[in-house]
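**Q** First the structure, then my questions, so here it is.
The values are calculated or read from the model by the stated rules, or taken from the named source; none is laboratory data. Note that the coordinates shown come from a computational prediction; the quantities given were computed from them, not determined experimentally. Using ideal geometry, Cβ is built from the backbone for each residue, glycine included, and neighbour counts are taken over all protein chains shown.
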Amino acid sequence: MASEKVLSDEILRDAQTKADRLRKRGERDAKKILDEAAKEAAAAAERTLQVARARADRVTQSLLATVEQDVRRGLLAAREAELDRLLEAARQRLADRSSYSPAAVLATLAAQAIGAMRADRVVLALAEADRAIATEAWRADVRRRVGREVALEVASEAAPIEGGVVVRSADGRLLYDNSFGARLRRLWPELRKELAAEVFQENGP
């Protein structure tokens, strides 16, 4: 009986030892698995964070670009509005005949137009408000400014212009629109550059 008890105790101790070894191995394996899982979770979290940061950066850059574009559009709109205001002020000043000598200005514009045309007979069309200026003395002044003999005729009807003069050859083949409106349209691109450079301290429109 004693020997059986000893054998039983040895078997139990051996089983306990094996069980302890298995338990410790299981604990080590479990810890290893948990550590690897924790590392993988941390890596996944970092990847997710990086993706979120990249997305946030893209959204931020997009918002900044949108804001910058809006600011630029606002500045351009304000600049265009100011240039339009200056253009309208120029039109109003030209329409105010009290601010200059209409006879001298119209004689200069007529002579300039005639000088650019190869015609010995021309017809001058003036605004209704300027038709009374076209006296014989005024026409003589125009011929003097042209520097050559040219037959001048005043159109029977007023031109639909605010000021200036429209000159055409007597045969109708040539026409030079030197009205205020036409001159502003021709000169405005260059004037616009100069105004933009002066008012907004820029080198271009």
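**Q** Taking into account only those residues within segment 127-144 that are among the acidic types (Asp, Glu) and in contact with a helix residue (DSSP H, G or I) (Cβ under 8 Å, 6 or more places away or on another chain), which is modelled with the lowest pLDDT?
**A** Only one residue tops the list, namely ASP130.
**Q** Also: Would you check if ARG91 is over 17 Å from ALA158 (Cβ atoms) and of a type in the set (Lys, Arg)? Please lay out each step first, then the result.
**A** Numbers: over 17 Å from ALA158 (Cβ atoms): yes; of a type in the set (Lys, Arg): yes.
Criteria met by ARG91.
**Q** Which residue out of GLU82, GLU149 is modelled with pLDDT under 95 and part of a loop (DSSP other than H, G, I, E, B)?
**A** GLU149
**Q** Restricting attention to segment 101-108, does a residue exist that is touching a residue at least 60 places away in the same chain (Cβ under 8 Å) and more than 37 Å from the chain's Cα centre (by Cα)?
**A** yes
**Q** Which of the following residues is farther than 28 Å from GLN92 by Cα and touching a strand residue (DSSP E or B) at 6+ places or on another chain (Cβ under 6 Å): ALA110, ALA155, ALA151, ALA125?
**A** That would be ALA151, the only listed residue that is farther than 28 Å from GLN92 by Cα and touching a strand residue (DSSP E or B) at 6+ places or on another chain (Cβ under 6 Å).
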